[in-house]
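Inspection log for the structure reproduced underneath, given as structure tokens.
The values are calculated or read from the model by the stated rules, or taken from the named source; none is laboratory data. The structure displayed is predicted, hence computed values, not measured ones. Cβ coordinates were reconstructed from backbone atoms using ideal geometry, including for glycine residues, and neighbour counts include every protein chain displayed. Remember, those area values only see protein heavy atoms, side chains included, never the ligands or the DNA or RNA. Shrake-Rupley method; radii C 1.70, N 1.55, O 1.52, S 1.80 Å.
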Amino acid sequence: WVSYPSQIELCGGTAKIIMTTGANDFQPDLDEVAAAVTDRTVGILINSPSNPSGAVLSEQSIRGLCQIAIENDLLVISDEIYKHLLFDGRKHFSPLHVDGMFERTIIADGVAKTYSMTGWRIGWLLGSPELVKACSDIQSQETSNPCAISQWAALEALTGPQESVELMRAEFQKRRDMIVPALQAMEGVECPTPGGAFYVFPDISAHLGREIAGRKIETDEEAQLRLLNGRNRKGPGEDTRGTGLD
């Protein structure tokens, strides 16, 4: 998730990104993770199911990451906000399921995704009292507190009927099953099938270096901007409709 590195930098830290690929279902290379650990490392941050890939970390990957954390006395911060949005029979496996991880795991979660309540801005941390208290001290100064109506709405979401959760999960799966084959059918596009959340993460690298409407697309960022903005910008009153990578 795009905010993680910035949050780490705000605290004076340095984020080390472990690259993953769709060819391996976006599972991390545990040897790379272990090699990235130094005497200054304080934690491993994971997000499963993932934004933006929709990948679900396997039990084997989670156990491997936890073993690295235990061996190096690290925290594991596990963003589990998409844990109810899983497809194809996948199961969510949390670091809390691993022996020895109870005191060194922080769970980040909220009502935004499971209950379609993004605008209500209600989330929570589960962890040791000392760490949660420190986070609460910062949060109380930055945002004061969540408004009362959001808290009551979140309580109703968590304790009320849960049928809507499965209805939304099934609808997201239907959309996934429509869009992924469509992307995979496009020439030069590879798109892994996500195991959870509501994202797809296509690989368009085969198109980099192409010249489209007189402009060469060299990077993924240029391709994204082209898709967002359409064809070459035109003057006032001129037609700017059209897709960017047709």
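So, in the range 181-217, how many residues would count as being over 23 Å from the mean Cα position of the chain (by Cα), more than 24 Å from Asp88 (Cβ to Cβ) and among the small types (Gly, Ala, Ser)?
Our first condition is that a residue be over 23 Å from the mean Cα position of the chain (by Cα); within the range 181-217, this holds for 185-188, 206-217.
Restricting the remaining residues to those that are more than 24 Å from Asp88 (Cβ to Cβ) gives 187-188, 206-217.
With among the small types (Gly, Ala, Ser) added as a condition, the list becomes 188, 206, 209, 213-214.
Counting residues in the range 181-217 that are over 23 Å from the mean Cα position of the chain (by Cα), more than 24 Å from Asp88 (Cβ to Cβ) and among the small types (Gly, Ala, Ser) gives 5.
Scanning for something exposed (fewer than 15 other Cβ atoms within 10 Å of the Cβ) and either under 16 Å from the mean Cα position of the chain (by Cα) or more than 30 Å from Met178 (Cβ to Cβ) (or both), does the range 73-84 turn up at least one residue?
yes
Condition test on Cys66, is it open to solvent by less than 70 Å² (accessible area, probe 1.4 Å), without any contact (Cβ under 8 Å) to a residue 24 or more places away in the chain and hydrophobic (A, V, I, L, M, F, W, C)?
Criteria not met by Cys66.
Anything in the range 9-34 that is open to solvent by less than 60 Å² (accessible area, probe 1.4 Å) and β-branched (Val, Ile, Thr)? List them, or say none.
Here is the first cut: in the range 9-34, the ones open to solvent by less than 60 Å² (accessible area, probe 1.4 Å) are 13, 15, 18, 20, 22, 25-28, 30, 33-34.
The answer is Ile18, Thr20, Val33.
What are the residues in the range 123-132 that are touching an Asp or Glu at 6+ places or on another chain (Cβ under 9 Å) and either open to solvent by 90 Å² or more (accessible area, probe 1.4 Å) or in a strand (DSSP E or B) (or both), if any?
Selection gives Gly123, Trp124, Leu125, Leu126.
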